[in-house]
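Colleague: Encoded as structure tokens, here's the structure I'll be asking about.
The values are calculated or read from the model by the stated rules, or taken from the named source; none is laboratory data. This structure is a prediction, so every number in the text was calculated from the model and none was measured. Glycine also receives a Cβ, built like all others from the backbone with ideal geometry; neighbour counts cover every protein chain displayed. In case anyone asks, the SASA skips ligands and DNA or RNA and just uses the protein heavy atoms, side chains included. Shrake-Rupley method; radii C 1.70, N 1.55, O 1.52, S 1.80 Å.
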Amino acid sequence: MAIRQVIRHRQSWKRPRQTNLLQTGVHRSFSYFSKSEEEEYLSKLPPLLTAYIGNVGIQQHHSGDSIDNDNDYYFVNRAPSTGRKLCNVQIPRKQDLDRAVESSQSAFESWSTKTSWAERGEFLEAAASMMENHAKELEYWEAIDSGVPIEQVRSSHIPCAIEAVRYYAALARGSFSLGQSIMDTPHAGGHRDSFSFTRREPLGVCLGIGSWNYPLMTMMWKVAPALACGNTMLYKPSESTPMTARRVAELFAEAGMPPGVLNVVPGMGDTAVALVKDYPQIRKVSVTGSLGTGMNVAQQSAATLKRTTLELGGKSPLLIFEDATLESAVNVAIMGNFANNGQVCSNCTRVYVHKNILHDFLERLVSRLKQSVVMGHNMEQSTNMGPLIMPPLSPSSHFDRVKGFIDRAKQDPRATLIYGGNTMEPSPSSGEGGYFVEPTVFQCDTDDMELVREEVFGPVMAVMSFESEEEAVSRANASIYGLGAGVMTNDAKRAHRLAKQLIAGNVWINNWNLSPIEMPFGPFKMSGYGNECGVHAIENYSQVKHVNFEMGEVAASDTYF
Amino acid sequence: MKSCYGHFIDGVDDVGTLEDGRATFDVENPATGETLCRVIAGTEEDVIMAVGAAKRAFESGIWSEMHPRDRARILNKAAALLRERTDDIAMIESLSTGRSLKEMKAQLGRVPEWLEHAGALAVGLEGSVTPFVGPFLSYVRRKPLGVVAQITPWNHPLLIATKKVAPALAAGNCVVMKPSEIAPIAVMELAQILTEAGVPPGVINVVNGMGPATGKALCESSEVSKIDLTGGTQTGRAVCAAAGYNLKPVTAELGGKAPVLVFEDADVERAINGIAFGAFVASGQTCISAARLIVAESIMDQVVSGLVNKAKGIVVGDPLDPHTQMGSIACKRQLDHIEALVDSAREEGASILCGGGRPEGLDQSLSAGHFYAPTILGNVTPNMRVFQEEIFGPVLTVTCFRTEEEALSLANDCEFGLGAAVWTSSVARAHRVAHKIEAGIVWINDHHKNDPASPWGGFKDSGMGKENGWESLHAYTKTQSIMVNLSDTGSDWFGGGTRYS
């Protein structure tokens, strides 16, 4: 306990470095983007971000419509670092959704039958190159819209999104075997005059429902395999981050993607629900979102038996053993909790540390955080901790939720605040600014508290101690979630043993959150079902047809009659 | 085209051209007999230098350890460059092989796809995890082989070089290529393009020269980890013997004598067009050329007269003339071989239904060119040399059958087993017959179609291994099995342990 006290007194709260940045707001030039680049991007920003259907923004579809100011038809999209308005975003009406689904359906008929796998691969390759040529612009929109530090957007969000498109382009161009064929199939009568092969066929119109933490990457994890298989995709980005989805749809069109193959419809959750519920033509739904969203989609999809892929929440455990390299363990815990502003579904928010090294671990953790955390405007290149997401209808809602967990944990005698815990809200007078939460570490005496059980989806790490491997594994597995799990150890036997025993779709040994596009990213338990990435996504966006071919005659003696 | 070419070694072209007194050989335009350029004849020292450069490049890891995604991007870029230069290279190919410019442009249009496809395979290349019994993790990695030798022919110089180099590079190997001395220039262009696209120096090398000297030195090099050859069956045997001594794997795409089975229910007009294309494109100088027409007796006259008309109508002449449909034979030696085999058929009792010699009415400027008219030989029986030996020229033999079994037995009565075609409108027969033909490549109601995704290679004396598709990429890798003991306790054999393997 003495150690905890010492650490507590040593920490000092530094106000996030955002004050002076706020005064200049969105339109300030930051070092990474030149003034002319920023001006160019902003000049392309439409006053109203609309659906993009059939390779055109939908206003152009019905020129008679004026952009009305009716609040039922749009919401305001804000930059999380400043709260400043980026643009209005259309809430699609029923007729817009009808038009979008119709467009996707009619595009499906030609895209699925008139293009070969290799041709679809070429379209995707061209789209990837187009994204690459506009990478910096995409970085700008992704960062300003999501609040994720620009350096993380630059090095992870955008390249991972492009890599996904290239990977599925390659699979479509030939590295994925399209089917099986077998030798002569025996008849009931014993003849062997028929043979069989399979055809891999697309499902139809697929609906992608995106998340706001990695807006472009989660989009491309869905769009690229869906299109490769010959499906068309109707994509609904998160209402908090609609910018890059719309821009990328334009870039796909520019790269030659036929109209309707990728349609983007912005909107709130009820738009997604309406699409799932009211359109039997949609044959597949892939969601990245919360547990609640996933359960709702699964239930609504059941009515028309849409196939679903659900990537939902997590409360992933990281087990740090005595034999681990401590410095590495500290770094992994920090990266696995605080990257992307702490808003990652697979983050290791439960850190179990062997009791003999707990003291050292916490001390190094605090000292590393003190040295390295730079909070502030996310467009500043030195920032590594930006604001929380700012949902459009209730800008403080996510912050309130994260802060609620922190406040209740502070009140809970079973938890000790080790680091952070401070927050900052927009200025009450001007209303400007974002919702910031300092990287926060609690040491918890029990697993039986909400901070250890429930997903916070913010920069809050819970640290617990354990004594034996069996105990650690059993506590790690005692969760409704099963997305990620990890082990820090130098013992090869233990590493392999636990890789098998941990119940999660992703297990990291001595690292965290590495997810190459070639490998499946998928959940166990109530983190969802269905894999994204790898050849596994191809399985989830296609159906297989068995074709049996008779080469002889069917004689009466071959039948039972 | 330059007047003198050297080797392409370690990123440097024209190696050897600045040295005095180097032996050279001439590249000839077979349509006119004129010399196009001179090329340095590779010595054993040249081969050692090229293999050494490839080995250093391989060991440096600059290519072998590059992420497959990055290798794929370079191959895609090379494909784009190649596409831009298709017309220029088609001209080089046409000048040095005698094939019509129109034909070369059409063929080269698809060649860049081989680079793109191999890049795609590299991106999708995976090892596996095996169901090893007991407390073990057993996984399999795929690694590149090292320095690989590729021997390419003169009939499709760029296509076949690309087909071989693409999977080799995609898998991370370094290549030393020996193109045919008859048409090496397009291959040198390919090496240049790959280098411009970002393939590092030493990863792709080309050594020119004659098979018995340069090719032999390359195939006998103990530093070479694999040999990939397209050529005649005799060359194949020699290369395999050298590889056997060095215990190195071989992919060999050798001769063929493709049977073309036409059943009475075939769409005759489509069949005639398809067979004429299969037999006479590239002046019949392809390993899967339609060589033996095996036709149902009831429709034989109809099919043969249609083919004869078609063959007589083929415009033979100057390869660069846009009206020319068929150019010359690639070299004098090949022309002599064709003539000798057709003569043997005459002696053995076959009838010449059309062609059978130099075409009439050729322009004076082509008088020194090596031309041979589209030729159809009737009354050919399985014991004749023309039914058994590869002609590699515009010569189609005709034999008839009465039953499906007889057709199959004629088709399979041959040492070769590379290509075959079946013409029928019966879906059941099409597949049934295709399954029973002993050939690695079978077309139903078509001929010659090829795709980077579809395995390509022969049975019997037509060779071993496959080009194209996963099989080609896998054949440029070696698998490494890694087994991890996960048990809590070790085992003590000499203390009473029982598990041996």
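Colleague: Within segment B:310-342, restricting attention to residues that are free of Cβ contacts under 8 Å to residues at least 24 places away in the same chain and open to solvent by 70 Å² or more (accessible area, probe 1.4 Å), which residue is farthest from B:Gln107 (Cα to Cα)?
Modeller: B:Arg333
Colleague: A further question follows. When only residues in segment A:532-551 that are exposed (fewer than 15 other Cβ atoms within 10 Å of the Cβ) and within 14 Å of chain B (Cβ to nearest Cβ) count, which is nearest to A:Ser175 (Cα to Cα)?
Modeller: Selected residue: A:Val547.
Colleague: Same structure, new question: When you check A:Ser427 against the structure, is it away from chain B (no Cβ under 14 Å), modelled with pLDDT of 95 or more and not in a helix (DSSP H, G or I), yes or no?
Modeller: no
Colleague: Collect the residues in segment A:461-510 that are out of contact with any strand residue (DSSP E or B) (no Cβ under 9 Å at 6 or more places or on another chain) and within 20 Å of A:Met335 (Cβ to Cβ), keeping them in residue-number order.
Modeller: Hit for segment A:461-510 is A:Asn490, nothing else.
Colleague: What number of residues within segment A:93-118 are within 28 Å of the chain's Cα centre (by Cα) and within 14 Å of chain B (Cβ to nearest Cβ)?
Modeller: Within segment A:93-118, residues that are within 28 Å of the chain's Cα centre (by Cα) and within 14 Å of chain B (Cβ to nearest Cβ) number 2.
Every residue, every condition in (1) of a type in the set (A, V, I, L, M); (2) within 24 Å of A:Met526 (Cβ to Cβ); (3) in a helix (DSSP H, G or I), yes or no:
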| position | (1), (2), (3) |
| --- | --- |
| A:Val273 | yes, yes, yes |
| A:Lys277 | no, yes, yes |
| A:Lys315 | no, yes, no |
| A:Leu318 | yes, yes, no |
| A:Asn347 | no, yes, no |
| A:Leu358 | yes, no, yes |
| A:Phe361 | no, no, yes |
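Colleague: With the requirement that a residue be in a loop (DSSP other than H, G, I, E, B), farther than 15 Å from A:Asn337 by Cβ and of a type in the set (S, T, N, Q), what does segment A:369-394 give you?
Modeller: Within segment A:369-394, A:Asn378, A:Gln381, A:Ser382, A:Thr383, A:Ser394 meet the criteria.
Colleague: Provide a single number: the residues in segment B:106-153 that are more than 14 Å from chain A (Cβ to nearest Cβ), more than 18 Å from the chain's Cα centre (by Cα) and either under 30 Å from B:Val47 (Cβ atoms) or not in a strand (DSSP E or B) (or both).
Modeller: Residues in segment B:106-153 being more than 14 Å from chain A (Cβ to nearest Cβ), more than 18 Å from the chain's Cα centre (by Cα) and either under 30 Å from B:Val47 (Cβ atoms) or not in a strand (DSSP E or B) (or both): 8 in total.
Colleague: Write out, first by first residue and then by second, each pair whose Cβ atoms fall under 8 Å of each other, whose residues are 6+ apart or on separate chains, and whose first residue, in segment B:26-42, is free of Cβ contacts under 8 Å to residues at least 40 places away in the same chain and open to solvent by 20 Å² or more (accessible area, probe 1.4 Å) while the second is assigned to a loop (DSSP other than H, G, I, E, B) and among the hydroxyl-bearing types (Ser, Thr, Tyr).
Modeller: Hits for this filter: B:Arg38/B:Ser3.
Colleague: Any chance you could count how many residues in segment B:73-98 are open to solvent by 10 Å² or more (accessible area, probe 1.4 Å) and either within 14 Å of another protein chain (Cβ to nearest Cβ) or under 22 Å from B:Lys449 (Cα atoms) (or both)?
Modeller: Result for segment B:73-98: 8.
Colleague: Sticking with this structure for a sec: For segment A:492-506, which positions are open to solvent by 50 Å² or more (accessible area, probe 1.4 Å) and either closer than 19 Å to A:Asn531 by Cβ or away from every other protein chain (no Cβ under 13 Å) (or both)?
Modeller: Hits for segment A:492-506 are A:Lys500, A:Ile503.
Colleague: Restricting attention to segment A:493-528, which residues are over 28 Å from B:Phe136 (Cα atoms) and not in a loop (DSSP other than H, G, I, E, B)?
Modeller: If the condition is that a residue be over 28 Å from B:Phe136 (Cα atoms) and not in a loop (DSSP other than H, G, I, E, B), then A:Gly528 is the only one that fits.
Colleague: Considering segment A:250-270 alone, what residues qualify as being within 19 Å of the chain's Cα centre (by Cα), farther than 24 Å from A:Pro523 by Cα and not in a strand (DSSP E or B)?
Modeller: A:Val265, A:Pro266, A:Gly267, A:Met268
Colleague: Residues of segment B:425-456 being within 12 Å of chain A (Cβ to nearest Cβ), touching a residue at least 60 places away in the same chain (Cβ under 8 Å) and among the hydroxyl-bearing types (Ser, Thr, Tyr), which ones?
Modeller: B:Ser426
Colleague: Among the numbered conditions (1) in contact (Cβ under 8 Å) with a residue 12 or more places away in the chain; (2) farther than 30 Å from B:Gln388 by Cβ; (3) open to solvent by 80 Å² or more (accessible area, probe 1.4 Å); (4) within 14 Å of chain A (Cβ to nearest Cβ), tell me where B:Glu471 comes up short.
Modeller: (2)
Colleague: Another question, if that's okay. Identify all residues within segment B:127-176 that are under 24 Å from B:Thr233 (Cα atoms) and touching a Pro at 6+ places or on another chain (Cβ under 7 Å); write none if there are none.
Modeller: If the condition is that a residue be under 24 Å from B:Thr233 (Cα atoms) and touching a Pro at 6+ places or on another chain (Cβ under 7 Å), then B:Thr152, B:Pro157, B:Ile160, B:Ala161 are the ones that fit.
Colleague: State the number of residues belonging to segment B:399-413 that are open to solvent by 10 Å² or more (accessible area, probe 1.4 Å), in contact (Cβ under 8 Å) with a residue 12 or more places away in the chain and not polar (S, T, N, Q).
Modeller: Of the residues in segment B:399-413, 6 are open to solvent by 10 Å² or more (accessible area, probe 1.4 Å), in contact (Cβ under 8 Å) with a residue 12 or more places away in the chain and not polar (S, T, N, Q).
Colleague: Of these, A:Arg154, A:Arg166, which one is within 12 Å of chain B (Cβ to nearest Cβ), of a type in the set (Lys, Arg) and within 25 Å of A:Ala245 (Cα to Cα)?
Modeller: Result of the check over A:Arg154, A:Arg166: A:Arg166.
Colleague: Scan segment A:463-486 residue by residue and report those that are assigned to a strand (DSSP E or B), hydrophobic (A, V, I, L, M, F, W, C) and either under 23 Å from the mean Cα position of the chain (by Cα) or modelled with pLDDT under 95 (or both).
Modeller: A:Ala485
Colleague: May I pose another question? Look at segment B:92-105 and say how many of its residues are small (Gly, Ala, Ser), touching a Gly at 6+ places or on another chain (Cβ under 9 Å) and either under 20 Å from B:Ala475 (Cβ atoms) or assigned to a helix (DSSP H, G or I) (or both).
Modeller: Number satisfying all stated conditions: 1.
Colleague: Out of (1) modelled with pLDDT of 95 or more; (2) within 26 Å of the chain's Cα centre (by Cα); (3) away from chain B (no Cβ under 14 Å), the odd one out for A:Gln90 is which?
Modeller: Of the numbered conditions (1) modelled with pLDDT of 95 or more; (2) within 26 Å of the chain's Cα centre (by Cα); (3) away from chain B (no Cβ under 14 Å), the odd one out for A:Gln90 is (1).
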